[in-house]
């Protein structure tokens, strides 16, 4: 029963981790104000829910997340396809990409505020930039890596236009690679959510900053776990979708 | 004999890479009669496949003319079966066979009906729902043949289609191909480096030799079909071909 044993060991590892975490502040090894023991988290969680703050923060963060991810990943796939397909497009953008690529998402915060104000659209912008490059490079690489022999099949059957090449061969053949990029982006986007909300756009990140400035570390932990939970949910759904889309693979 | 379905005249193909000029074909003449099973044999690198690639439009000649006279109203005069099947792994078998019909203006139901008909022709009627990776090498090549036949070409171009298969599967497919040709009346232009395969299949065998490649010899095989392997007349044709080929290499 190796599967059962692995699950049991994982559960045991998590339990040991929680016991250790509980013991550190309880035994006075760490100031409980700096690290709240896990047993205090459910109460803090229920309080946040009762106040109506939790639902509101999660709802607005989710909307930033979904819109930002859609915009960033959409642009990444679109431009990545163009760049992978057309040498001229790739050449024209090569140095622009080199210039913009290293700029971290957080560095765009000042412009986000100036351009969009402290508004949800500013958060969406930061998140979109955070996922754009991952998806762009994944798509570009996947399109370039498509087996030329398969492109020849399309040509041999008379499908010679760029559009036919894209829809008949490149897109389906590049899908596995694009999905790998999207899955990475799914996680990266949550990091961007925190960064994007730190400057005051309401949401999980903003609520965390607020709580930490009041030294309510238990509330900070509530939202850390909330994000872990949401990420787990999205990732599980995505893996299922990925498995279905790639069911043709051996 | 009626007018040839394909007439190749003075075909040359050369390309330059890193300053070195590579000539694959020089001044090749070749005609193929309607309904003929023509096999091109030759050593590797002699340009056999290049002839097919020029015909299907995957390579452009440096000089020469190719004249094709398909039957009136034929949308796709030629279709190619690659050496390595090249099925699209993300499509089920049936959708692979229907692939070439997607630009034809046929409705999806008609395309699938045609694809089912072709799968039945190659003996895989029950496997339409499979993914390519679930097929054996021989089955994959059958699907590739069905895909090429689905567009109803006048000429079936085949680029060493059985060379990657074990000999048992290969002989089965050779018989199958002759049966398919008898049933469909297609003209077939078949490239191989296997002399026994050439004489088993061909009405006429053309030997391509030299660098750049040109037609070095021609052998007509008159043995009636269905042919029995190791038939005396076939062995004699193979012997004749081997003599032509070795004579050629002795000259070089």
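Laboratory data are not the source of any read-out in this text; all were calculated from the coordinates shown. Since the model is a prediction, treat every value here as computed from it, not as a measurement. Ideal geometry is used to build each Cβ from the backbone, glycine not excepted, and the neighbour counts take in all protein chains shown.
Failed condition for residue A:71, given (1) within 24 Å of residue A:202 (Cβ to Cβ); (2) loosely packed, with under 10 Cβ neighbours inside 10 Å, with all others met?
(2)
Could you say which residue among B:123, B:138 is part of a loop (DSSP other than H, G, I, E, B) and more than 13 Å from chain A (Cβ to nearest Cβ)?
Among B:123, B:138, only B:123 is part of a loop (DSSP other than H, G, I, E, B) and more than 13 Å from chain A (Cβ to nearest Cβ).
Can you find a residue that is surrounded by fewer than 21 Cβ atoms within 10 Å (Cβ to Cβ), in contact (Cβ under 8 Å) with a residue 12 or more places away in the chain and under 20 Å from the mean Cα position of the chain (by Cα) anywhere in segment B:101-114?
no
Pull up segment A:193-250, narrow it to residues that are in contact (Cβ under 8 Å) with a residue 12 or more places away in the chain and within 14 Å of another protein chain (Cβ to nearest Cβ), then point me to the one that is farthest from residue A:68 (Cα to Cα).
Result: A:249.
Quick one: count up the residues across segment A:95-117 that are surrounded by 15 or more Cβ atoms within 10 Å (Cβ to Cβ) and more than 14 Å from residue A:196 (Cα to Cα).
The qualifying residues number 1.
So residue A:181 passes all but one of these: (1) assigned to a helix (DSSP H, G or I); (2) over 15 Å from the mean Cα position of the chain (by Cα). Which condition number does it fail?
Exception for residue A:181: condition (2).
Can we say residue A:120 is closer than 19 Å to residue A:73 by Cβ, surrounded by 17 or more Cβ atoms within 10 Å (Cβ to Cβ) and free of Cβ contacts under 8 Å to residues at least 12 places away in the same chain?
So residue A:120 does not fit the description; no.
Would it be correct to say that residue A:164 is assigned to a helix (DSSP H, G or I) and within 14 Å of chain B (Cβ to nearest Cβ)?
Yes.
Residue B:96 versus (1) within 14 Å of chain A (Cβ to nearest Cβ); (2) farther than 22 Å from residue B:129 by Cβ; (3) not in a loop (DSSP other than H, G, I, E, B): which is the lone unmet condition?
Every listed condition holds for residue B:96 apart from (2).
So in segment B:83-93, with the set limited to residues that are touching a helix residue (DSSP H, G or I) at 6+ places or on another chain (Cβ under 6 Å) and either free of Cβ contacts under 8 Å to residues at least 40 places away in the same chain or over 29 Å from residue B:51 (Cβ atoms) (or both), which one is farthest from the other protein chains (Cβ to nearest Cβ)?
Top of the filtered list is B:93.
Quick check: is even one residue across segment B:143-163 in contact (Cβ under 8 Å) with a residue 24 or more places away in the chain, out of contact with any strand residue (DSSP E or B) (no Cβ under 6 Å at 6 or more places or on another chain), outside any loop (DSSP other than H, G, I, E, B) and away from chain A (no Cβ under 14 Å)?
No, every residue in segment B:143-163 fails to be in contact (Cβ under 8 Å) with a residue 24 or more places away in the chain, out of contact with any strand residue (DSSP E or B) (no Cβ under 6 Å at 6 or more places or on another chain), outside any loop (DSSP other than H, G, I, E, B) and away from chain A (no Cβ under 14 Å).
Residues of segment A:132-150 being at the interface with another protein chain (Cβ under 10 Å from one of its Cβ atoms) and part of a helix (DSSP H, G or I), which ones?
Matches in segment A:132-150: A:149, A:150.
Tell me yes or no: at least one residue of segment B:167-178 is more than 14 Å from chain A (Cβ to nearest Cβ), without any contact (Cβ under 8 Å) to a residue 12 or more places away in the chain and surrounded by fewer than 22 Cβ atoms within 10 Å (Cβ to Cβ).
yes
What number goes with the only condition from (1) within 16 Å of the chain's Cα centre (by Cα); (2) within 14 Å of another protein chain (Cβ to nearest Cβ) that residue A:153 does not pass?
It fails just one condition, (1).
Hey, among the residues in segment B:73-82 that are assigned to a loop (DSSP other than H, G, I, E, B) and either within 9 Å of chain A (Cβ to nearest Cβ) or crowded, with 18+ Cβ neighbours inside 10 Å (or both), which one's farthest from the chain's Cα centre (by Cα)?
Within segment B:73-82, the match that is farthest from the chain's Cα centre (by Cα) is B:75.
If residue A:215 satisfies every condition in (1) in a helix (DSSP H, G or I); (2) over 19 Å from the mean Cα position of the chain (by Cα) but one, which is the exception?
Only one criterion is unmet by residue A:215, namely (1).
Suppose the filter is without any contact (Cβ under 8 Å) to a residue 24 or more places away in the chain and over 29 Å from the mean Cα position of the chain (by Cα); does residue A:37 pass it?
no
Considering only residues of segment B:126-135 that are assigned to a helix (DSSP H, G or I) and within 11 Å of chain A (Cβ to nearest Cβ), which is surrounded by the most Cβ atoms within 10 Å (Cβ to Cβ)?
B:132
Mind counting the residues in segment A:167-185 that are more than 14 Å from chain B (Cβ to nearest Cβ) and surrounded by fewer than 19 Cβ atoms within 10 Å (Cβ to Cβ)?
Residues flagged as more than 14 Å from chain B (Cβ to nearest Cβ) and surrounded by fewer than 19 Cβ atoms within 10 Å (Cβ to Cβ) within segment A:167-185 amount to 3.
Which residues, counting only those in segment B:59-72, are touching a strand residue (DSSP E or B) at 6+ places or on another chain (Cβ under 6 Å) and either part of a loop (DSSP other than H, G, I, E, B) or within 12 Å of another protein chain (Cβ to nearest Cβ) (or both)?
The answer is B:61, B:62.
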